[in-house]
Each structure stands twice: as C-alpha cells, then as structure tokens.
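*Asks:* My structure is below; once you've seen it, I'll send some questions.
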Amino acid sequence: MLARMKARRRAGPHDAALATPEPNSQPRAPQMDTALLPSAPLDAGLLVLRLALGLYMAAHGAQKLFGWFGGHGLNATGEFMVQLGFKQGRTFATLASVTEVASGLLVALGFLGPIGPALMVSVMIVAAVTVHLKNGAFAQNGGIEVPVLYGVGALALGLTGPGRYSLDAILGLAPLSTPGVELAALAMGIVGGIGSLAVRRTAQ
C-alpha cells in the first residue's frame, strides 16, 4: 500500500495526462442553444392576438363600408355620423370604415409595424367617446368596453411589435418596430383621434 502511494506522488504531469478516466465518468452531451426558445410562445401569442383583433376590426369596417356581415353600409353609416355631430357624415363614415379595414388587415398581417395599431387606436378613441361613453362602462348597455379592449389591444401590439410570425419579419421590416418609431406612430394615432373629436365638437 505504501509503495503504491509513493508511486502516485512521484507521478508527474505527463503521467496525469496519460491517466485513463474512471469507469463511471461519461462525456458530457453537447448543450442545445435555447436562446430562441422562450420567444416562440411569445410570438405565437402575438399572432393569436393580432389575428383576433385585426380580422374582427377589418370585418367591422366592412360592415360600414360595404354592408357586409349584416352591416348597414355607407349611406346609413353616413347618416349616423351626422347624428353624432359630424357635418360631412358620408365623408367621415368613409374615413372611419376605411381606417377600420386598413388597420385590421395591417394588424392581422403584422405589416408596417405600429401603423396598423396606431390607426386602430385613433378610430377607437372616436368610437368610444362619440358612441359608447354615454352608456357607461360595459358592453351589455352599449358602453365603452369593446372599443377600450380594441384600443388597449392595439396599443399593446404597437408597443411590442408584431413578432416573428408576421410580414414585417419576413420582409425585413423590423426597424419599423423600434421604440422611437412605435411611440411616434402611436402618439400620432392618439392625436388623430382627438383631432377628429375636435372637428365633431366644432360642427355641433
């Protein structure tokens, strides 16, 4: 036993390098790069939200613009706009319905970064104030619940960007979703909505 211990002490670095590994030791498996995995559920969630908000908004605009899906069409919507205080009722009905269709499709496709969400925020501000605010908070009484949900959802998408499952990602338009561009676009959407309300109040 003592002879073996002395032999181990006399073994140099070269001997250690030639030593065979212990039977129980196993080579480590190569580790998988998981840097991109956490974003997959996030991007899938953004896709679901975009499709729901965008397609419903586009259909809502098509009701006004074309009379599709049981809608009243442009003439009736224009008359309703006059009742809301917009003197050029048909013009404002056209602008509102086109904005809803365009914003909905842009959001659903994930195209042009925050422009679609900004347009949606703008038109929902007008809808919430002119049509629903007087009816309270909840949809069962015609209140602001639905436009608030649309508007907040659009605002969130405008801040997060459309994600990897989008036309922007495919076409290399990710720079459109930088914080500066997002905030500028959303601010313009909010100003646009307030400006429309100011025109309405002037016309009353």
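*Asks:* Before we move on, is Val152 in contact with a Gly (Cβ under 7 Å, 6 or more places away or on another chain) and modelled with pLDDT of 95 or more?
*Replies:* Values: in contact with a Gly (Cβ under 7 Å, 6 or more places away or on another chain): no; modelled with pLDDT of 95 or more: yes.
No: the conditions fail for Val152.
*Asks:* Next up: Under 8 Å by Cβ, and 6 or more places apart or on different chains, what pairs join a residue from the stretch 64-87 that is on the phi < 0 side of the Ramachandran plot with one that is aromatic (Phe, Trp, Tyr) and assigned to a helix (DSSP H, G or I)?
*Replies:* From residues that are on the phi < 0 side of the Ramachandran plot, the pairs are His72/Phe80; Leu74/Phe66; Gly78/Phe92; Met81/Phe92; Phe86/Phe92.
*Asks:* Please go through the stretch 63-120 and pick out each residue that is of a type outside the set (Lys, Arg) and not in a helix (DSSP H, G or I).
*Replies:* Narrowing the stretch 63-120 to residues of a type outside the set (Lys, Arg): 63, 65-86, 88-89, 91-120.
Gly67, Gly71, His72, Gly85, Phe86, Gln88, Gly110, Phe111, Leu112, Gly113, Pro114 - these are the residues of the stretch 63-120 that are of a type outside the set (Lys, Arg) and not in a helix (DSSP H, G or I).
*Asks:* Considering the stretch 166-182 alone, what residues qualify as being surrounded by fewer than 18 Cβ atoms within 10 Å (Cβ to Cβ) and either among the hydroxyl-bearing types (Ser, Thr, Tyr) or closer than 30 Å to Met81 by Cα (or both)?
*Replies:* Listed by number, the list holds a single entry, Thr178.
*Asks:* Now for a different question. Determine the pairs where a residue that is more than 12 Å from Gly113 (Cβ to Cβ), located within the stretch 163-191, has a partner that is surrounded by fewer than 14 Cβ atoms within 10 Å (Cβ to Cβ) with Cβ atoms under 8 Å apart, the partner being 6 or more residues away or on another chain.
*Replies:* Going by the 8 Å Cβ cut-off, the qualifying pairs are Arg164/Ser39; Tyr165/Ala44.
*Asks:* Residue under question is Gly142, and the condition is that it be closer than 23 Å to Val48 by Cα, of a type outside the set (Val, Ile, Thr) and free of Cβ contacts under 8 Å to residues at least 60 places away in the same chain; does it hold?
*Replies:* no
Residue by residue, here is whether (1) closer than 18 Å to His132 by Cβ; (2) not aliphatic (A, V, I, L, M) holds:
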site: Glu79; (1), (2): no, yes
site: Leu84; (1), (2): yes, no
site: Lys87; (1), (2): no, yes
site: Thr91; (1), (2): no, yes
site: Ser97; (1), (2): yes, yes
site: Val101; (1), (2): no, no
site: Leu106; (1), (2): no, no
site: Leu112; (1), (2): no, no
site: Ile115; (1), (2): no, no
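*Asks:* May I pose another question? What's the total number of residues in the stretch 89-110 that are of a type in the set (Phe, Trp, Tyr) and surrounded by fewer than 20 Cβ atoms within 10 Å (Cβ to Cβ)?
*Replies:* First pass over the stretch 89-110, keeping only residues of a type in the set (Phe, Trp, Tyr): 92.
Filter once more, keeping what is surrounded by fewer than 20 Cβ atoms within 10 Å (Cβ to Cβ): none.
So the count comes out to 0.
*Asks:* Oh, and also: How many residues are part of a helix (DSSP H, G or I) and surrounded by 15 or more Cβ atoms within 10 Å (Cβ to Cβ) if we restrict to the stretch 136-152?
*Replies:* Narrowing the stretch 136-152 to residues part of a helix (DSSP H, G or I): 139-141, 145-152.
Filter once more, keeping what is surrounded by 15 or more Cβ atoms within 10 Å (Cβ to Cβ): 139, 145-148, 150-151.
Number satisfying all stated conditions: 7.
*Asks:* So, one more: Would you call Leu53 under 26 Å from the mean Cα position of the chain (by Cα), surrounded by fewer than 20 Cβ atoms within 10 Å (Cβ to Cβ), in contact (Cβ under 8 Å) with a residue 40 or more places away in the chain and over 23 Å from Ala198 (Cα atoms)?
*Replies:* On the way: under 26 Å from the mean Cα position of the chain (by Cα): yes; surrounded by fewer than 20 Cβ atoms within 10 Å (Cβ to Cβ): no; in contact (Cβ under 8 Å) with a residue 40 or more places away in the chain: yes; over 23 Å from Ala198 (Cα atoms): yes.
Considered against the rule, which asks whether it is under 26 Å from the mean Cα position of the chain (by Cα), surrounded by fewer than 20 Cβ atoms within 10 Å (Cβ to Cβ), in contact (Cβ under 8 Å) with a residue 40 or more places away in the chain and over 23 Å from Ala198 (Cα atoms), Leu53 comes out as no.
The values are calculated or read from the model by the stated rules, or taken from the named source; none is laboratory data. Computed from a predicted model, the values in this text were never measured in an experiment. Cβ: placed from backbone, ideal geometry, glycine included. Neighbour counts: every protein chain shown.
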